[in-house]
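Below: the structure, in structure tokens.
The values are calculated or read from the model by the stated rules, or taken from the named source; none is laboratory data. The structure presented is a predicted model; accordingly, all values stated were derived computationally and were not measured. Please note: Cβ atoms are built from the backbone with ideal geometry, for glycine as well, and neighbour counts cover all protein chains shown. Just so you know, the surface numbers come from the protein's heavy atoms only, side chains and all, with ligands and any DNA or RNA stripped out. Shrake-Rupley method; radii C 1.70, N 1.55, O 1.52, S 1.80 Å.
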Amino acid sequence: MGTKREFRIWRGDENGGDLQDYTVEVNEGEVVLDVIHRLQATEAPDLACRWNCKAGKCGSCSMEINGKPRLSCMTRMSTFEEAETVTVTPLRTFPVIRDLVTDVSFNYEKARETPAFAPPADVAPGDYRMQQVDVERSQEFRKCIECFLCQTVCHVIRDHEENKQAFSGPRFFIRAAELDMHPLDARTDRKEYAQAEQGLGFCNITKCCTEVCPEHIKITDNGIIPMKERVVDHRYDPLVWLGSKIFRRGQVPQTFVTSAQHGGAVHSSAPHGGVHSHAGGSHDAPHEVEAQRGVNWRREVPHPTAPATDANGKLPLTELTFDRAAAPSPFGDDITFPLPPEHLNFAHPSQDEPKH
Amino acid sequence: MTETRIERHHYDVVVIGAGGAGLRAAIEARLAGKKTAIISKSLFGKAHTVMAEGGAAAAMGNMNSRDNWQVHFRDTMRGGKFLNNFRMAELHAKESPHRIWELETYGALFDRTKDGKISQRNFGGHEYPRLAHVGDRTGLELIRTLQQKIVSLQQEDKRDHGDYEARIRVFSETTITELLLDGDRVAGAFGYYRESGEFILFEAPAVVLATGGVGRSYKVTSNSWEYTGDGHALALRAGATLINMEFLQFHPTGMVWPPSVKGILVTESVRGDGGVLKNSDGKRFMFDYVPDVFRKQYAETEEEADRWYTDPDNNRRPPELLPRDEVARAINSEVKAGRGTPAGGVYLDIASRRSAEEIRRRLPSMYHQFKELADVDITKEPMEVGPTCHYVMGGVEVDPDSGAAFGTVRGLFAAGEVSGGMHGSNRLGGNSLSDLLVFGKRAGGHAASYADQLTARPAVAVAAVEAAVETALAPLQRDTGESPYTLQQDLQAVMGDLVGIIRRENELVDALARLAELRERVAKVSAAGGRRYNPGWHLALDLRNMLVVSECTAKAALERQESRGGHTREDHPGMDPKWRQVNLVCSLDGDTVRLTRKPLPKMRGELIGLFDRGELAKYLTDEELAEFDALAEEASK
Ligand SMILES: Cc1cc2nc3c(=O)[nH]c(=O)nc-3n(C[C@H](O)[C@H](O)[C@H](O)COP(=O)(O)OP(=O)(O)OC[C@H]3O[C@@H](n4cnc5c(N)ncnc54)[C@H](O)[C@@H]3O)c2cc1C
Ligand code: SF4
Ligand code: SF4
Ligand code: FES
């Protein structure tokens, strides 16, 4: 009942290689991994490929099939036309070891850098009490099988080796999100960590990671965006922002991180090529997020800050030193009205209640 | 011999296997301050444990406060048909709740009850809902949690010593091919990196085996390529013994059709949540297969069975929830009687019994898996299922308290599926995951204290290393032998056809003859290609392990002339109380497998007192019963 199908499989190692043609028998109901196994048992006994469960549960068998990152054990042959040549290549983002096997140690290094769960100090084992609704958000992320398909597809590192150091990738953003949403995790700085150490700011929400995730985890909507939102909230502080604007004009060195717009810039050394996007993505990602959200009524109201003063305890600007006649606008001279909605502050009466 | 590069490492404890048992053992050894290595054939976090779906059994009593360790102990012994090592079953029942709670402190997020505790679900053979679970991906949660705990220990070490790997290091994609001894003591382990084919030598006084099972010797199996019985074989060659090797669990409901999902399991929770088994006549046949010992606990009519789902206290459970071996045997009989599906299975139907929405909510990954892999919609059509090789009860004979291997070797420990005794002749669903944690911790801890009390480190002999190198390279250097893939297929055919779920004397004799033939061929196997990530070579090296373990199974299966748990002899269909007193012990004598009989340890009075006499009468000999009566009389005085 089998039919002969054409396959092109990348064979080689770190020194190079090429696509080789194979004609293989394919039976009804088989997946790409079955075909690779048949090749191993016949023509190509040393064809290297990872797999374990053949059931989409372990995340070992990731490869690129017709250019798309996929689990080969979950890719049915019936999804291809009979005359279609199926091209199988190793994951592009990671260095090749041999044939379809790549060196994914990048991911394990990033995993090791992400701070682990911090158990609450005063709760004994066996006394953990959590409601199902509260654990569900983290549970979604814990479905991750670490197939690293999201990692390989993310454009920030897919073609930009140089970004790998500063960028952990979507798999580890959702790890941070998972811990952030864990009802009993004792650490409170998961978001700040994601921003400052994991390179969350590089991500411009192209959602490619969500699209490839075989576990259907809503990586961007449920993980990355909420992580970004709160980082924005914490960092956005109009008074600091205003103060620094004035500073800048007065040529006083700036010390504040001023707005969400530059979230990704905490790594001053981060290469600029970081924020690329492919077709369909926006070039001004944070702005796009803001726009998608509309007005953020739940934003935390900034704490009042003392005015920035000089060494003499005076405001750096006086009428005498100022460069124009009349008093400066209390909002900063470069502000025009009406203010963009995302700059509004409004404490909604139910702001502190959880979202659902 | 040509110059071969061998990387050398020194550790206090080497753990072979990165599944639940291995990781838990490594955590314990590291917490005891030992320099620990974890070795795994696959990547970190991919071991077989990720595949476990149903849950981890622990008598926490969250769903029913009547549950406690005594009840769990009773269920385990019953499931194993009283062949279990009672002490292991006792420790397991007592300690598993603590091991589960401990996982929460590592960050695990189990599904919750209304009052915020860990939710527990029903499973075949367990009297109360007892399985802590996370949807149907409990194994993933377990392994990820342990993996992340190891990362957190590494972060501590980084903080204190400046290096993540100061005290615990993971060697992934590394296969151990040989244990090295100094006299009767473990001195180290030898293996190769799969990636590069380079050799690696670990010098360590204590080794914990946690290599999992042997299922790859069978054609239809839920097990992955890792399950070639390496740990079983390593232990044998090091002078340890294996017990209960005749007992293999065939999961009753593996998919038999379509081929892309063949061997994939349909979790027991499908039956726990209302799924029923039907033959090709549409009959719900399990009611015809309730054995006498279970008669009291199981419903006799469909009506009563259906009421149980909503009112478990006042109704008896549906026979679909009988222990696995009973279900597997029932399916086998139906198929043999000509009432099976075209692909040789039976129907498992949940579609007609629960709403599509409910099925999707309760069995999310099951639903997606079949939809994506096979285009089967389990909310619309019944599944075609049949027995699949799933779990090996047999394994390294160990001291129940410490996990130290018996036999002539010292410094060798075993935990998890590779160890034997805990589950007797049949494992209850969910008992494995908790077994990994309980005995993983014990083995890791005792390996650490064993290493502590040594006054001198055992030394690795150069000759032994040279021999190991030679054995490992041999298949690459031969080009006259057969392909390892052909040999594996032949081995699978022998085991599947002749040492499968139902066994007969003449077939077993035949199997042994064929295995002997295969042994010759395996000794001459040749692998094409080089040393870098060459799966053909890897398989060639695994074959000899699969072979020796298969011989153990076939020999023990021939010897045990009764049917019990995971061992069914068509020519000896009944359970024989005399055989309950016997463990079959395999050891290696030079090259050949030697089989000896050994009496089972006797259960302590207070433990046997947990059962009622009527039940014991089905398992014990008359002398044992007389002893029990004497005990009972004394107690009542
Ligand atoms: C589909 C499926 C579903 C299951 N569902 C359940 C369930 O619901 N509940 C339950 O309790 N149990 C379940 N089980 C059983 C349970 O999952 C296993 O018994 C258990 O995970 C075994 O764990 P382990 O730690 O002993 O070994 P594993 O997790 O299998 O790990 C073995 C490790 O040893 C390594 N290894 C092996 N050989 C070598 C070597 N030569 N050198 C180096 N490393 C080596 C492997 O790479 C691997 O890391 C299920 C099993 C399967 C297959
Ligand atoms: S959404 Fe962000 S993390 Fe995901 S692929 Fe796009 S840039 Fe990468
Ligand atoms: S988040 Fe999804 S795509 Fe990324 S590693 Fe996990 S399972 Fe794979
Ligand atoms: S083999 Fe495990 S996900 Fe494909």
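Points to keep in mind about this one:
- Lone qualifier among A:121, A:111 - being open to solvent by 40 Å² or more (accessible area, probe 1.4 Å), among the aliphatic types (A, V, I, L, M) and either within 7 Å of chain B (Cβ to nearest Cβ) or not in a helix (DSSP H, G or I) (or both): A:121
- The residue that is nearest to the other protein chains (Cβ to nearest Cβ), counting only those in region B:1-26 that are of a type in the set (Lys, Arg) and surrounded by fewer than 24 Cβ atoms within 10 Å (Cβ to Cβ), is B:5.
- For residue A:134, the conditions (1) touching a helix residue (DSSP H, G or I) at 6+ places or on another chain (Cβ under 7 Å); (2) in a helix (DSSP H, G or I); (3) within 12 Å of chain B (Cβ to nearest Cβ) all hold with the exception of (1).
- Scanning region B:371-383 for residues that are away from every other protein chain (no Cβ under 12 Å) and not in a loop (DSSP other than H, G, I, E, B) returns a single hit, B:383.
- Residue in region B:248-263 that is open to solvent by 20 Å² or more (accessible area, probe 1.4 Å) and within 16 Å of ligand 4 (Cβ to nearest atom) present: yes
- The number of residues in region B:327-366 that are among the acidic types (Asp, Glu), open to solvent by less than 20 Å² (accessible area, probe 1.4 Å) and in a helix (DSSP H, G or I) comes to 1.
- The residues of region A:92-104 that are open to solvent by 20 Å² or more (accessible area, probe 1.4 Å) and within 9 Å of chain B (Cβ to nearest Cβ), listed by number, are A:98, A:103.
- Flag if residue B:59 is assigned to a strand (DSSP E or B), in contact (Cβ under 8 Å) with a residue 12 or more places away in the chain and open to solvent by less than 20 Å² (accessible area, probe 1.4 Å): no
- Taking the numbered list (1) part of a loop (DSSP other than H, G, I, E, B); (2) open to solvent by less than 10 Å² (accessible area, probe 1.4 Å); (3) out of contact with any helix residue (DSSP H, G or I) (no Cβ under 7 Å at 6 or more places or on another chain) in turn, residue B:83 passes all entries but (3).
- Qualifying residue in region B:563-581 (condition: among the charged types (D, E, K, R) and in contact with a Cys (Cβ under 8 Å, 6 or more places away or on another chain)): no
- Residues that are away from chain A (no Cβ under 13 Å), part of a loop (DSSP other than H, G, I, E, B) and of a type in the set (Phe, Trp, Tyr) within region B:234-261 comprise just one, B:247.
- Note on region A:140-160: residues that are under 19 Å from residue A:179 (Cβ atoms), within 14 Å of ligand 2 (Cβ to nearest atom) and either open to solvent by 10 Å² or more (accessible area, probe 1.4 Å) or more than 10 Å from chain B (Cβ to nearest Cβ) (or both) amount to 3.
- Conditions (1) over 23 Å from residue B:221 (Cβ atoms); (2) modelled with pLDDT under 95; (3) away from ligand 2 (no atom under 16 Å from the Cβ): number failed by residue A:89: (2)
- Positions within region B:92-105 being more than 10 Å from residue A:125 (Cβ to Cβ) and either in contact with a Phe, Trp or Tyr (Cβ under 8 Å, 6 or more places away or on another chain) or of a type in the set (Lys, Arg) (or both), in sequence order: B:92, B:93, B:94
- Only listed residue being away from ligand 1 (no atom under 16 Å from the Cβ), more than 13 Å from chain B (Cβ to nearest Cβ), assigned to a helix (DSSP H, G or I) and open to solvent by less than 10 Å² (accessible area, probe 1.4 Å), chosen from A:174, A:224: A:224
- Residue count for region B:27-57 under the criterion of being more than 9 Å from chain A (Cβ to nearest Cβ), within 17 Å of the chain's Cα centre (by Cα) and among the aliphatic types (A, V, I, L, M): the result is 3.
- Here the condition is being touching a helix residue (DSSP H, G or I) at 6+ places or on another chain (Cβ under 6 Å) and away from ligand 2 (no atom under 16 Å from the Cβ); of A:83, A:118, A:41, it holds for A:41 alone.
Results for (1) part of a helix (DSSP H, G or I); (2) open to solvent by less than 30 Å² (accessible area, probe 1.4 Å), shown as yes or no for each residue.
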| position | (1), (2) |
| --- | --- |
| B:452 | yes, no |
| B:455 | no, no |
| B:467 | yes, no |
| B:481 | no, yes |
| B:488 | yes, yes |
| B:491 | yes, yes |
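- In this structure, residue B:93 qualifies as part of a helix (DSSP H, G or I), open to solvent by less than 10 Å² (accessible area, probe 1.4 Å) and away from every other protein chain (no Cβ under 14 Å).
- Criterion applied to A:70, A:50 was being closer than 22 Å to residue A:143 by Cβ, within 13 Å of another protein chain (Cβ to nearest Cβ) and open to solvent by less than 40 Å² (accessible area, probe 1.4 Å), and the one residue passing it is A:50.
- Considering residues of region A:31-47 that are under 26 Å from residue A:143 (Cβ atoms) and at the interface with chain B (Cβ under 7 Å from one of its Cβ atoms) only, the residue surrounded by the most Cβ atoms within 10 Å (Cβ to Cβ): A:31
- Residue in region A:190-209 that is nearest to ligand 1 (Cβ to nearest atom), counting only those that are surrounded by fewer than 21 Cβ atoms within 10 Å (Cβ to Cβ) and free of Cβ contacts under 8 Å to residues at least 60 places away in the same chain: A:207
- Residue A:55 meets the stated requirement of being facing chain B (nearest Cβ under 7 Å) and surrounded by 21 or more Cβ atoms within 10 Å (Cβ to Cβ).
- Annotation note: of A:84, A:28, the sole residue that is exposed (fewer than 15 other Cβ atoms within 10 Å of the Cβ) and at pLDDT 90 or above is A:84.
- Checked against (1) of a type in the set (Asp, Glu); (2) assigned by TED's automatic domain parsing to the domain that holds residue A:186; (3) away from ligand 3 (no atom under 15 Å from the Cβ), residue A:140 passes all but a single condition, namely (3).
- In summary, residue B:509 fulfils each of the numbered conditions (1) open to solvent by 40 Å² or more (accessible area, probe 1.4 Å); (2) closer than 25 Å to residue B:477 by Cβ; (3) away from chain A (no Cβ under 14 Å) with the single exception of condition (2).
- In region A:1-43, the residues that are basic (Lys, Arg), more than 33 Å from the chain's Cα centre (by Cα) and closer than 21 Å to residue B:483 by Cα: A:38
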